[in-house]
Every structure is written in C-alpha cells, then in structure tokens.
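Visitor: I have a structure here, written as structure tokens, and I will follow up with some questions on it.
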Amino acid sequence: MDPASDADLIQQFRDPDLRDRAFRMILEKYQEKLYWHIRRMILVHEDTDDVLQNTFIKIWKGLPGFRETSGLFTWMYRIATNESITFLKARQRERAMIADDPDNSIKDRLKSDPYFDGDELFLKLQVAIDALPPKQKKVFQMKYFEEMTYEDIANHLGTSVGALKASYFHAVKKIQASFELSD
Amino acid sequence: MEKYNWENEGFRKDPFKVPEGYFADFSDRMMERLNQEEPVVLIKNRSLIGPWMAWVSGIAAVMVFGWFGLKNYYLQPLQETRFQERIDLFVDYYGEELHEGQLAGYMEDYNIIIPEQTATEENPIVQMEPELTEEYIYESVGL
C-alpha cells in the first residue's frame, strides 16, 4: 500500500474519527527527520527529546488551522526550529544567571551524555558552534551538518539567500577564531 | 584553516546516538501525552444557523452590527494601535531571528486575520479578536 500523502494526512486529521490515527502516521513519517534537526542544534539527547515533544504538541495544536500555503514538512520544520531557538535562548539565560563558564558547561553536558561519542576535536567544534548567536548556529548546522543548499534553507526559514550566506560566513569566521584562540 | 581542518569530512560523521528503540517508542509516548493535553479544537468556517434559530440570528445580527459600529468609531483605532505595538514588540524580541515573512507565514498558517475584514455568508472567515490573536502568536512561537 502506498504511504499516505501529506495532503491525505491533513485531510484525515480534520476528521475527528481519524485524527489520532492520522497524527500517529505524521509522527512516524517525520519524527526522525525532526529529531535530528533539533539534536544538531540542542546537542544533548534528553533536551532534544523535550524539544521534540514540545514541537509535536505545537503541531498538534496548530494543524487544525494550517492552511497548506507551505508544505507540511516545511511548516513543521519551522516550528521545530523556533522551539529549538526558544530552548537555546532559555539555556543561555540560565547559564548567565548561574555565572557558569558556558564552554565548560556544554562540554561537560556532552561528555556526560551517554548518547554522544565524539572525540576531543569534535567537542571543541561543538563548543565553538554553541557560542554562536542562535541564528548563525541554525544556519551553520543546516549548511554544514545537514548539507542543505542555501536555496533550501531560505525556503525553510523564509529568508533570503544573501542573508544566509552572510550568516554562514560570520559563523565560519567565529569558529575559526575560536579554534585559533584555543590553540 | 588547513591546520585545524575542521571542515574535513570526518567532522560530518555523526557522533550523536539515540537510546535503543527510541524512535519505535516515540509515537506511543507522544500519543499518550497528547491525549492528556487539552482536546484539539478544529477551526472551521462558521456553519450556517438552522432556520429554527432565525429569530436568534436576527437579534444577534443587530447586536453584532451595533458592536462593530461602536468598535469602528470608538474602540478599533485603540485596539489596532495596541495590536501593532504588540506585533512590533514581538518582532523586536526576535530581532534578526525572525524574518517578516515568517511572521506573515505564521499568521497565514494559523488563519489569523488582522481585524479589518468582516465575515459574510459568501465569504465566511474565522476572525479572532486582537487580544486572542496576540496570545495565539505568542503561544505558537513559544513566548
């Protein structure tokens, strides 16, 4: 049997008798893609799990009003991105309040995460990425790790290719500087 | 650049793992959690009221037109100003994080209409009050 199309799933979701079944199919279709998008921004599995759940709650609540002016995945991707940024900002505020060293903090969290097995050099890269402003971090993750084209990123984030190139350029410069500083 | 070589392919290998069976269990956990949330409200176009309620509609129409008259002449300028201020705050809060297109996208995706249009039988629309719209935008983006 062919998998249901997004349009079919949205249609089924709007039928109260089929809503749960349709949403479960949406979950199964997209949970992994959204998980990895969030994980690359949030880094730690437990936090990613929380953000992914919050993302799907927003999707569940927002889907009745979704007008299909963008694709379903593009819309869900935006929600996941915004949820991740909201989480990252909260984490930054939390760190500022406890006056902790942010570099060590993310490094320690990654080291203690049983679901992370990167080496020291990768940790160094993650610390440098984590210090970026949320927008630059998001663009860097999508370009570098997810290997998306600028056009695809622009489509997902609703911004211009020129602005994305500038963000990526600044992100790369900052990461290079971070590596040189810690050498 | 070459010295650190962080742009090499090796860094692209994913060192992130997930617990065994995480994705297999996730949809069950999620559905269980969603069932504990408030029931989802389907936003539908307003249905036409049955003939037996026609007299109620008549009274309601008089009240609605009265309200819109009051609102247009006395209250709407104030509400629109507050609405615009809150939208400005919302955009300022996100700063460069939020492109105007994203805000427009949210409003469109969530069927939010800035209060200028009026619903008619030929063109029924779901119209939210400004206060509710603001709440909805904030909640939608996790503010």
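Visitor: Before we move on, is A:R95 modelled with pLDDT under 80, assigned to a helix (DSSP H, G or I) and buried (at least 18 other Cβ atoms within 10 Å of the Cβ)?
Guide: no
Visitor: In this structure, does A:E180 turn out to be more than 30 Å from B:Y22 (Cβ to Cβ), charged (D, E, K, R) and within 11 Å of chain B (Cβ to nearest Cβ)?
Guide: When the stated conditions are applied, A:E180 passes them.
Visitor: So, one more: Look at A:L121 and say whether it is within 22 Å of A:S70 (Cβ to Cβ) and either at the interface with another protein chain (Cβ under 8 Å from one of its Cβ atoms) or open to solvent by 20 Å² or more (accessible area, probe 1.4 Å) (or both).
Guide: Numbers: within 22 Å of A:S70 (Cβ to Cβ): no; either at the interface with another protein chain (Cβ under 8 Å from one of its Cβ atoms) or open to solvent by 20 Å² or more (accessible area, probe 1.4 Å) (or both): yes.
In short, no.
Visitor: Moving on. Filter the range A:143-159 down to the residues that are facing chain B (nearest Cβ under 8 Å) and either in a helix (DSSP H, G or I) or open to solvent by 40 Å² or more (accessible area, probe 1.4 Å) (or both) and list them by number.
Guide: A:Y144, A:F145, A:E147, A:L157
Visitor: Go through the range A:53-74 and give me each residue that's facing chain B (nearest Cβ under 7 Å), in a helix (DSSP H, G or I), in contact with a helix residue (DSSP H, G or I) (Cβ under 6 Å, 6 or more places away or on another chain) and open to solvent by less than 10 Å² (accessible area, probe 1.4 Å).
Guide: Passing the criteria: only A:F56.
Visitor: Something else now. With free of Cβ contacts under 8 Å to residues at least 12 places away in the same chain and either touching an Asp or Glu at 6+ places or on another chain (Cβ under 9 Å) or among the β-branched types (V, I, T) (or both) as the only criterion, which of A:T81, A:T74, A:T86 stands out?
Guide: A:T86
Visitor: Restricting the first residue to the range A:30-52 and requiring it to be in contact (Cβ under 8 Å) with a residue 40 or more places away in the chain and within 8 Å of chain B (Cβ to nearest Cβ), which pairs with a second residue that is part of a helix (DSSP H, G or I) and of a type in the set (S, T, N, Q) meet a Cβ separation below 7 Å and a spacing of at least six or different chains?
Guide: Matching pairs, first to second residue: A:R40/A:Q141; A:L43/A:Q126.
Visitor: What pairs come out if I take residues in the range A:1-22 that are in contact (Cβ under 8 Å) with a residue 60 or more places away in the chain and pair them with residues that are assigned to a loop (DSSP other than H, G, I, E, B) and crowded, with 17+ Cβ neighbours inside 10 Å whose C-beta lies under 8 Å away, six or more apart or interchain?
Guide: Close Cβ pairs (under 8 Å, with a partner that is assigned to a loop (DSSP other than H, G, I, E, B) and crowded, with 17+ Cβ neighbours inside 10 Å) amount to A:I10/A:F66.
Visitor: Spot the failing condition for A:L132; the list is (1) facing another protein chain (nearest Cβ under 9 Å); (2) crowded, with 18+ Cβ neighbours inside 10 Å, and only one is missed.
Guide: (1)
Visitor: Residues in the range A:162-183 that are part of a helix (DSSP H, G or I) and open to solvent by 40 Å² or more (accessible area, probe 1.4 Å): how many?
Guide: 12
The values are calculated or read from the model by the stated rules, or taken from the named source; none is laboratory data. Just so you know, these numbers come straight off a predicted model, no measurement behind them. Quick reminder, even Gly has a Cβ in these numbers, built from the backbone with ideal geometry, and neighbours come from all protein chains shown. Surface accessibility is based on the protein's heavy atoms, side chains included, excluding ligands, DNA and RNA. Shrake-Rupley method; radii C 1.70, N 1.55, O 1.52, S 1.80 Å.
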